[in-house]
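The values are calculated or read from the model by the stated rules, or taken from the named source; none is laboratory data. Bear in mind the structure is a predicted one, so any value in this text is a computation, not a measurement. Here the Cβ is made from the backbone with ideal geometry for all residues, glycine too, and neighbour counts use every protein chain on show. Heavy atoms of the whole protein, side chains included, go into the accessibility calculation; ligands, DNA and RNA do not. Shrake-Rupley method; radii C 1.70, N 1.55, O 1.52, S 1.80 Å.
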Amino acid sequence: MTRPQENFLTPLRIIDDLVGKLQALSIPGIDVEAVMASQQKNIEALAAASRTAMDSVNAVGKRQAEILQETMSQTAHSLQTIGKAGSPHEIVAKQVEVTKEGFQKALGNMRELAEMVTKAQHATMDAISHRVSESLDELKQMALKTTESSAPPPSAPKTKPVEAMVRAVG
């Protein structure tokens with residue numbers, strides 16, 4: 001059984017629908033194949049970016065679960081350590097030490113997760129940005145090709161009748 005995200009991330013169905021609609025239009029001067037190739041690349045780039053984002057979300061979730069496990073284990077160890085302390089002064093000193101270590105560890109974990117998310121965002125946005133740039137270049141080339149193919153052939157410069165008479169008299 002396929003998962004909904006797999007259907008969404010499979011660009012072939014979208015491309016097939018788009019091809020059918022564009023071919024039905026059959027607009028003169030529009031290269032349907034070039035448009036389709038460009039759109040296929042766009043859809044594939046978005047699907048790849050979506051997969052990257054999903055993989056990143058899964059990695060962050062997995063790391064959060066690992067951090068929770070580590071925290072629970074460290075908490076149990078810390079409680080045992082504090083329980084073994086002797087005098088009330090030693091217990092307070094141990095609690096302060098454990099609290100400080102826990103706080104530093106939590107900050108390190110937050111930093112690690114933030115870096116993971118930032119890295120994933122950069123990778124996704126770089127891929128999309130790259131494809132947008134390519135797509136605009138392709139669109140420019142298609143426009144230039146369409147303009148060249150639909151331009152009238154060059155002809156002799158046309159003169160106005162008054163100008164022709166002035167030249168003839170002059």
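Things to note:
- For the range 83-117, taking the residues that are polar (S, T, N, Q) and assigned to a helix (DSSP H, G or I), the one that is farthest from S56 (Cα to Cα) is identified as Q95.
- Selection of the range 31-46 for residues being open to solvent by 80 Å² or more (accessible area, probe 1.4 Å) and not charged (D, E, K, R) yields only L46.
- Conditions (1) open to solvent by 90 Å² or more (accessible area, probe 1.4 Å); (2) more than 30 Å from S50 (Cβ to Cβ): number failed by E115: (2)
- Sole exception among (1) hydrophobic (A, V, I, L, M, F, W, C); (2) more than 31 Å from the chain's Cα centre (by Cα); (3) open to solvent by less than 90 Å² (accessible area, probe 1.4 Å) for L79, by number: (3)
- Of all the residues in the range 82-92, those that are open to solvent by less than 60 Å² (accessible area, probe 1.4 Å) and either of a type in the set (G, A, S) or in contact (Cβ under 8 Å) with a residue 24 or more places away in the chain (or both) number 3.
- Cross-chain or 6+ apart pairs with Cβ under 8 Å, the range 28-48 first and in a helix (DSSP H, G or I), then open to solvent by 70 Å² or more (accessible area, probe 1.4 Å) and aliphatic (A, V, I, L, M): S38/L139; I43/I14
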